[in-house]
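Only the coordinates and a few stated rules stand behind these numbers; no lab work does. In this text the structure is predicted, and so the values were computed from the model without any measurement. Cβ coordinates were reconstructed from backbone atoms using ideal geometry, including for glycine residues, and neighbour counts include every protein chain displayed.
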Amino acid sequence: MSPKAKKSELERLAAVGRAQGFLMHEMRNTLVMAGLLARNLQKRPKLAKKDRVTVDRIIETINAGEKLIRDSMDLFKPMTGKRSAVGVGNLLQGAVRSVGPLAKERSILVQKDLPRGYRAEILCSRRKFQYALSNILRNAVESMRAGAGVVNIAYRANERRVTIETSDMGRGMSKETLERVFDPFFTTKEDGSGLGLAIAKKIIEDHEGTIRIKSEPKRGTKFTISLPTAKLLKG
């Protein structure tokens, strides 16, 4: 592709992105308004029981739609915001806490393994990076049968790179699924949006990182994330 053609293609993609952002923004506003109306209706003391059940389902559906739009916007918008040096151990602990209720509900143990003798920091948006780790852990927990075992998350580091690994004892993935696992809107779950891992990959790459996956059917899945080290501290 010539430089001129490449420039034209980038401009076209940018225009598509702006149009997509506008549409998502308008859809979100519509859902927010519908949610407000439904919640006001939900508060009516004389609402019949069967009508209340219907309103509850409407609100549940609106909430799911709002989350889908938020996730889609996160996937397509560029990385912004200030980054700061954050302890990798703290990020792992936050991610483990975030999936705690789901893991407890499914009787699955999520355990972290932190290195001894040193601690590492990376430059990141804490909220976004912890969200990426939480998505990966959530995917691991959901891949396992209730009470079926353990999900592990650990890290190691040197002066150049931090490596974060997660592993589970879940159902694993076929070769065909592995080829598409990071594709937006691809999912093998009945109620999945197909955005969780795509967003996680984008966030990691926005932080100059890489993510690899190894999986086999019935033998679980392992994610390996590599990022630049900001600080390596003793203790």
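Note on the range 84-234: Cα convex hull, mean projected area over all directions, 8.4 nm². The modelled label-to-label distance for the pair Arg126/Arg160, using points 7 Å beyond Cα in the direction of Cβ, is 3.0 nm. Residue by residue, the range 137-147 carries 3J(HN,Hα) couplings of 5, 4, 4, 5, 4, 6, 7, 9, 5, 4, x Hz when phi is fed to the Karplus relation 6.51 cos²θ - 1.76 cosθ + 1.60 (θ = phi - 60°); x denotes Gly or Pro.
Applying 1/(1 + (r/R0)^6) with R0 = 30 Å to the Cβ-Cβ distance of Ser226 and Val150 gives a FRET efficiency near 0.80.
Modelled label positions at Glu66 and Thr30, each set 7 Å beyond Cα in the direction of Cβ, lie 1.7 nm from each other. Checking the Cα-Cα distances for Lys67/Lys222; Lys128/Lys202; Lys128/Lys218; Lys202/Lys222 against a 20 Å cut-off, the pairs over it are Lys67/Lys222; Lys128/Lys218.
For the pair Lys49 and Phe182 in one chain, pulling the backbone fully straight at 0.36 nm per residue adds 43.6 nm over the alpha carbon distance.
Comparing Thr177, Thr224, Asn158 along the charge dipole axis of the range 84-234, the residue lying farthest to the positive side is Asn158, per the Cβ-charge model.
Electrostatic tally near Tyr155: other residues with Cβ closer than 9 Å to its Cβ, Lys and Arg +1, Asp and Glu -1, net 0.
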